[in-house]
Amino acid sequence: MKNNPLLALVTNLVLLAGYSTTTEAQRTPKLAAIETDGLVTFYIAKGTEESRYKDTDSELANWAIKAWEKSLDGKLEFIPGSESTSLLRLYWVPANSGQYGEMWPLSVNGKRGAGIFIRPNIDELGNELAQRAKNDSLFRDTIVYLTCLHELGHALGLSHTDDYADIMYSFEYGGEISSFFERYRNQVNSRQDIRKITGLSEKDISRAKALYMATPQINTD
């Protein structure tokens with residue numbers, strides 16, 4: 001979920017300078033499945049005031065991770081790890097001209113991993129979303145949660161789709177942005193409902209299973 005990829009790349013090159021352990025890992029050029037024997041370590045950073053991060057946002061990221069774990073019927077187990085060794089590393093970063101989040105494939109100790117960058121400042125996503133988020137905290141949490149879910153999908157190796165029902169849908173194909181988030185918001189009556197309602201479509205799940213259910217993903221080279 002992003003606009004203006006060239007500007008985003010330049011901005012994140014600067015931002016990544018502050019994440020020394022991430023820059024020690026080697027960025028890789030394309031999407032691919034995580035290389036693992038079944039265990040996937042993850043690290044969720046604490047956000048800065050500049051990013052407009054809330055302390056409860058880490059919970060949303062954890063729920064997004066659990067949603068993907070559940071969808072794979074136990075094929076992958078996600079466990080917390082250190083920043084320097086985790087395959088998945090999630091950071092909260094400042095707003096950037098309508099961008100929701102971004103994922104960079106990384107090589108971590110010879111295995112394919114990912115750096116995930118979430119922009120929780122809804123005020124910079126346009127007046128309509130900003131106003132809705134101010135009036136409804138669950139709508140704000142919906143945007144952050146679904147962005148985590150989407151970027152984690154990229155981290156697992158999933159590309160965009162043109163199906164509006166999918167979490168991996170790209171707004172580049174059109175579609176009403178606020179309605180995309182409103183669809184999920186209408187399914188939750190409380191914040192705790194987010195941990196129960198994954199937001200994944202049948203196609204999202206089947207595509208993830210196609211990557212991980214058939215063959216082991218460990219690199220034995």
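So here's what we get for this one:
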quantity: Answer from L72, L106, L87 - the residue that is within 24 Å of S201 (Cβ to Cβ) and among the aliphatic types (A, V, I, L, M); calculated: L72
quantity: Given (1) touching a Gly at 6+ places or on another chain (Cβ under 8 Å); (2) modelled with pLDDT of 90 or more, index of the condition A61 fails; calculated: (1)
quantity: From L7, L13, residue being over 25 Å from E202 (Cα atoms), surrounded by 13 or more Cβ atoms within 10 Å (Cβ to Cβ), modelled with pLDDT under 75 and of a type in the set (A, V, I, L, M); calculated: L7
quantity: Residue list for segment 57-79, restricted to those being in contact (Cβ under 8 Å) with a residue 12 or more places away in the chain and in a loop (DSSP other than H, G, I, E, B); calculated: L72, D73, K75, L76
quantity: Residue under evaluation R119, criteria (1) loosely packed, with under 14 Cβ neighbours inside 10 Å; (2) basic (K, R); (3) under 15 Å from the mean Cα position of the chain (by Cα), criterion not met; calculated: (1)
quantity: Members of segment 123-143 that are in contact (Cβ under 8 Å) with a residue 40 or more places away in the chain and touching a Phe, Trp or Tyr at 6+ places or on another chain (Cβ under 9 Å); calculated: L129, R132, F139, T142, I143
quantity: Failed condition for I197, given (1) among the β-branched types (V, I, T); (2) buried (at least 16 other Cβ atoms within 10 Å of the Cβ); (3) modelled with pLDDT of 95 or more; calculated: (2)
quantity: Residue within segment 172-183 that is at pLDDT 95 or above, in contact with a helix residue (DSSP H, G or I) (Cβ under 7 Å, 6 or more places away or on another chain) and not small (G, A, S) present; calculated: yes
quantity: Matching helices (runs of 4 or more DSSP H) fully within segment 135-221 where at least 3 residues are in contact with a strand residue (DSSP E or B) (Cβ under 6 Å, 6 or more places away or on another chain); calculated: 137-155
quantity: Positions within segment 80-124 being assigned to a loop (DSSP other than H, G, I, E, B) and among the acidic types (D, E), in sequence order; calculated: E83
quantity: Residue in segment 72-125 that is modelled with the highest pLDDT, counting only those that are closer than 24 Å to R140 by Cα and hydroxyl-bearing (S, T, Y); calculated: Y91
quantity: Subset of segment 200-221 that is of a type in the set (V, I, T), modelled with pLDDT under 95 and out of contact with any Asp or Glu (no Cβ under 7 Å at 6 or more places or on another chain) - its residue that is nearest to E77 (Cα to Cα); calculated: T215
quantity: Leading residue by the ranking (surrounded by the most Cβ atoms within 10 Å (Cβ to Cβ)) among those in segment 71-86 that are in contact with a Phe, Trp or Tyr (Cβ under 7 Å, 6 or more places away or on another chain) and more than 25 Å from I197 (Cβ to Cβ); calculated: S86
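The values are calculated or read from the model by the stated rules, or taken from the named source; none is laboratory data. None of these values were measured; they are calculated from a predicted model. Positions of Cβ are backbone-derived with ideal geometry, glycine not excepted, and every protein chain shown enters the neighbour counts.
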